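A quick write-up on the structure given underneath.
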Amino acid sequence: MELCTYKVTIKGTVQGVGFRPFIYALAKRYLFTGTVSNNSHGVEIVLNIDLLTFKQFLIALEYEYPPLASIESIDYVELDYESFDGFSIIETTEAGDVAVNIPADVSICKDCEKELLDPNNRRFNYPFITCTHCGVRYSIIYDLPYDRVNTSMKFFEMCKGCKEEYTNPLDRRYHAQPIGCWDCGPSLELVGQDISKEKIVDEVVELIEEGNILAIKGVGGYHLVCDATNNEAVQKLRERKQRPSKPFAVMVQNLEMAHKLAEINKKEALLLNSKERPIVLLNAKKNDNILSSKIAPNISRLGLFLPYTPLHLLIFQKLNSPLVATSANVTDEPIATNRESIEQLAGVYDYLLDHKRKIVNACDDSVLMVVKNQEIILRRARGYAPVSMELPFKLEKKVLAVGANQKSTVAIGFDKQVILSPHIGDLDGISSVEYFQQNIENLKRIYRFEPEVIAHDKHPNYESTKVAKQEAKEKHLELMEIQHHYAHILGVMVEKKINQKVLGVAFDGTGYGDDGNLWGGEFMLCDYDGYERVAQINYFKLLGGAKAIKEPKRVALSLLFDLYGEEALAFSNATTEAFIKSEFKTQYLIWQKGLNSPLSSSVGRLFDAVASLTGICQVMSFEGESGMLMEEYYDETIIGFYDFTFDESIIGILPMVKQISEESNPAVAISKFFNTLVEIIDTLHKKYDLPLVLSGGVFQNRILLALVLERIPTAMIGNKIPPNDGGIALGQSVARINYRKNND
Ligand code: ZN
Ligand code: ZN
Ligand code: FE
């Protein structure tokens, strides 16, 4: 057969995942000569081969690529004939690597697990065992290209044994940047305790069994852990963390245990067991008799996840009970990633299990759920982030999008792609804002990116808006102001690669509207060039402004005033009884005069109002609590819905509120409330006959989402980006509205 020379270029997540050794192995199999190297587009192969073998090679490439890789494209051209002596891996030469995706952190692989538990292996019980196919990536990267010198493993010098594996193209640890062993890699330290490193895990298990709370350094931050079967330990953690009722995630030793605690379908089991190992929200089994009742009080949903590091596996070799494992952070601050920040929580934990592999980029655990067999991501972080999204068109300018204020993420966009950061958190404290800015700097540095325009939310008081304006002023950049709910819808359009007009349904907490009111129950016709708001929930007043967001009773009272005016003062129901009499009168005056009572069309707040009227929740101890509690009351056998009006563009919900306030059975009121929201959406869907796109934090409610998807199976919701504000930055980055010169 005649030999030819080809150049093959592969794009995608192809660096730091064992791609070059994979090609090397294929060269040995198919007996061709040439070279393979990383370059600014991905991986480049030059090979001398006959056509038939070349075709086989391409098939092998497409079907056998390494587990952590993902291929976006394979292109090849024929070059002038060139012959080679054998096949070789050439070192990375270029510095800039912008088109390459950063690999995410993934769980330990089967091969490493086997070695970890094999007494004859030199890494037996070594808590940091890893290879090319598993372990930390994003969390240890300072810079690209992904080489050891650009990671926090540069502080550990490889021993002779590790070096041999690292330099052998046929070894599973060839160029596995984070490798180490008992002799040369990081090791555990139980702070303040004088225990040899081989015995630490035994001691840790004993401390957990005794009911202690431990802070344990993980992949993207510290966890606070305790025995999930021990009531006192869980209660102690709640008190010390000042977290009275928000559910805790639980790490279980294996799927078998997970099945004992929750109903798990096939898709959920796959997600639990996936290399990303997210927290999956599941239906808890009633009376499992295993977990402490304080894990998720009054809520039948349970967030479970499986061990994902060698250390977790070692702990569960000895420990029989599931573990509460929650991110360690001071209230309103980002997850702790170093000794200094974890020590601020010294009063919360009893013992600290630390190590010296630095966490460069913080990354929380990811959270997912399955609704109608669709994956819905609620927090996109470890295992999934950062992510590159391909756009259905080319961006005119390089854009930095700073997202919203809660569940913040940021994005950078250039050419036909947007890179979305992992979950950053709520921008409430000074250190969260600093952390947010640091995330922007990280993306800029790693991707060698300088924006020409900064996209931000319309809300003038969002910390992200302030940062955007400041940055634009300093660097003379253009600004682009994007309405919150428009950004919500655009995010989904990008993910689904939709390039036509859609009817967007934004059911949300609150977002700043074009008229200065707090929107959140909007129907908008959207494309990338703009939007038209065609319908909204009628405005109601949020008594006390920000206070109303935490106190459902205020929203409910406001709606009662809308219905009955002063007469409502004489009522006695769950809402009115939640106020003291004198306070009650004052509220009426506030309502009447409209003092500190912004107008809102938010469906999130409507949920709150219903929770109050039905007596389920008057004051929330965490965001989203009212909706979660309401899910418990939904009964699918209750059919029918309440009255609402639809005139011009206003959806009047007062008739529904009236009926709910007259209903004494909360299950009936709540079930019919859900059904009414579905009717409202369906009414608009029929009127416009356009693809339906759902977004906004309210769609985190699995009951509502399932009902809408049942009624309108073609409705689209994001699967890769969260329905909450974590998807805003992606949406902001692709809006093609006019750029505004920065004049202030
Ligand atoms: Zn491995
Ligand atoms: Zn070593
Ligand atoms: Fe939102």
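The values are calculated or read from the model by the stated rules, or taken from the named source; none is laboratory data. None of the values given here were measured: they were computed from a predicted structure. We place every Cβ from the backbone using ideal geometry, glycine too, and count neighbours over all the protein chains shown. Just so you know, the surface numbers come from the protein's heavy atoms only, side chains and all, with ligands and any DNA or RNA stripped out. Shrake-Rupley method; radii C 1.70, N 1.55, O 1.52, S 1.80 Å.
Things worth noting here:
- Residues that are β-branched (V, I, T) and outside any loop (DSSP other than H, G, I, E, B) were ranked within the range 159-202; the one that is nearest to the chain's Cα centre (by Cα) is V201.
- Filtering the range 262-276 to residues that are open to solvent by less than 30 Å² (accessible area, probe 1.4 Å) and closer than 18 Å to T326 by Cα leaves only L272.
- Being away from ligand 2 (no atom under 16 Å from the Cβ), closer than 18 Å to D111 by Cβ and buried (at least 19 other Cβ atoms within 10 Å of the Cβ) is a property that C162 lacks.
- No other residue among F124, F128 is free of Cβ contacts under 8 Å to residues at least 40 places away in the same chain, within 16 Å of ligand 1 (Cβ to nearest atom) and assigned to a loop (DSSP other than H, G, I, E, B) apart from F124.
- Here K550 does not qualify as open to solvent by 10 Å² or more (accessible area, probe 1.4 Å) and touching a Gly at 6+ places or on another chain (Cβ under 7 Å).
Yes/no per residue for (1) in contact with a Phe, Trp or Tyr (Cβ under 7 Å, 6 or more places away or on another chain); (2) open to solvent by less than 40 Å² (accessible area, probe 1.4 Å):
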residue: R379; (1), (2): no, no
residue: L395; (1), (2): yes, yes
residue: A404; (1), (2): yes, yes
residue: K407; (1), (2): no, no
residue: S421; (1), (2): no, yes
residue: I430; (1), (2): no, no
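- Residue, modelled with the highest pLDDT, within the range 15-40, restricted to residues that are among the aromatic types (F, W, Y) and open to solvent by less than 20 Å² (accessible area, probe 1.4 Å): F32
- Neighbours by Cβ (under 6 Å, 6+ apart or cross-chain): first from the range 226-248, farther than 17 Å from I208 by Cα; second among the aliphatic types (A, V, I, L, M): K241/V348; P247/A296; P247/I299
- Options Q483, Q437: the member that is more than 16 Å from ligand 3 (Cβ to nearest atom) and of a type outside the set (D, E): Q437
- Residue count for the range 122-136 under the criterion of being open to solvent by less than 40 Å² (accessible area, probe 1.4 Å) and either basic (K, R) or within 16 Å of ligand 2 (Cβ to nearest atom) (or both): the result is 9.
- Selection of strands (runs of 3 or more DSSP E) fully inside the range 3-121 by the criterion of at least 1 residues being in contact (Cβ under 8 Å) with a residue 60 or more places away in the chain returns 3-13, 33-39, 70-79, 87-89.
- Selection within the range 519-530 - surrounded by fewer than 24 Cβ atoms within 10 Å (Cβ to Cβ) and part of a strand (DSSP E or B): M524, L525, D527, G530
- Any hit, the range 189-199, residues being open to solvent by less than 10 Å² (accessible area, probe 1.4 Å) and touching a Pro at 6+ places or on another chain (Cβ under 8 Å): no
- Residue check for D562: out of contact with any Gly (no Cβ under 6 Å at 6 or more places or on another chain), farther than 26 Å from L705 by Cβ and not assigned by TED's automatic domain parsing to the domain that holds L677: no
- Residues of the range 462-480 satisfying the condition of being surrounded by 21 or more Cβ atoms within 10 Å (Cβ to Cβ) and among the acidic types (D, E): E463
- Scan of the range 319-347 for residues that are open to solvent by less than 60 Å² (accessible area, probe 1.4 Å) and not in a loop (DSSP other than H, G, I, E, B), ordered by number: L323, V324, A325, T326, S327, S341, I342
- Enumeration of residues in the range 280-294 that are assigned to a loop (DSSP other than H, G, I, E, B) and touching a strand residue (DSSP E or B) at 6+ places or on another chain (Cβ under 9 Å): K285, D288, L291, S292
- When the test is whether a residue is under 30 Å from E206 (Cα atoms) and open to solvent by less than 20 Å² (accessible area, probe 1.4 Å), D350 does not pass it.
- Residue within the range 108-118 that is modelled with pLDDT of 95 or more, crowded, with 21+ Cβ neighbours inside 10 Å and either under 23 Å from the mean Cα position of the chain (by Cα) or within 16 Å of ligand 3 (Cβ to nearest atom) (or both) present: yes
- Among the candidates R238, R277, residue that is within 25 Å of the chain's Cα centre (by Cα), more than 16 Å from ligand 3 (Cβ to nearest atom) and assigned to a loop (DSSP other than H, G, I, E, B): R277
- Scanning the range 152-186 for residues that are more than 16 Å from ligand 1 (Cβ to nearest atom), among the polar types (S, T, N, Q) and at pLDDT below 95 yields a single hit, T167.
- A411, sole failed condition from (1) among the small types (G, A, S); (2) more than 16 Å from ligand 3 (Cβ to nearest atom); (3) farther than 27 Å from P310 by Cβ: (2)
- The residue pairs whose first member lies in the range 146-173 and is in contact (Cβ under 8 Å) with a residue 60 or more places away in the chain and of a type outside the set (S, T, Y), whose second member is open to solvent by 40 Å² or more (accessible area, probe 1.4 Å) and in a loop (DSSP other than H, G, I, E, B), and whose beta carbons are closer than 8 Å, counting only pairs six or more residues apart or on different chains, are F155/K356; F155/K358; R172/H133.
- Index of the failed condition, V534 passing every other in (1) closer than 22 Å to T683 by Cβ; (2) open to solvent by less than 10 Å² (accessible area, probe 1.4 Å); (3) over 28 Å from the mean Cα position of the chain (by Cα): (2)
- Residue selected from the range 483-517 under the condition aliphatic (A, V, I, L, M) and surrounded by fewer than 24 Cβ atoms within 10 Å (Cβ to Cβ), by the criterion farthest from ligand 2 (Cβ to nearest atom): L503
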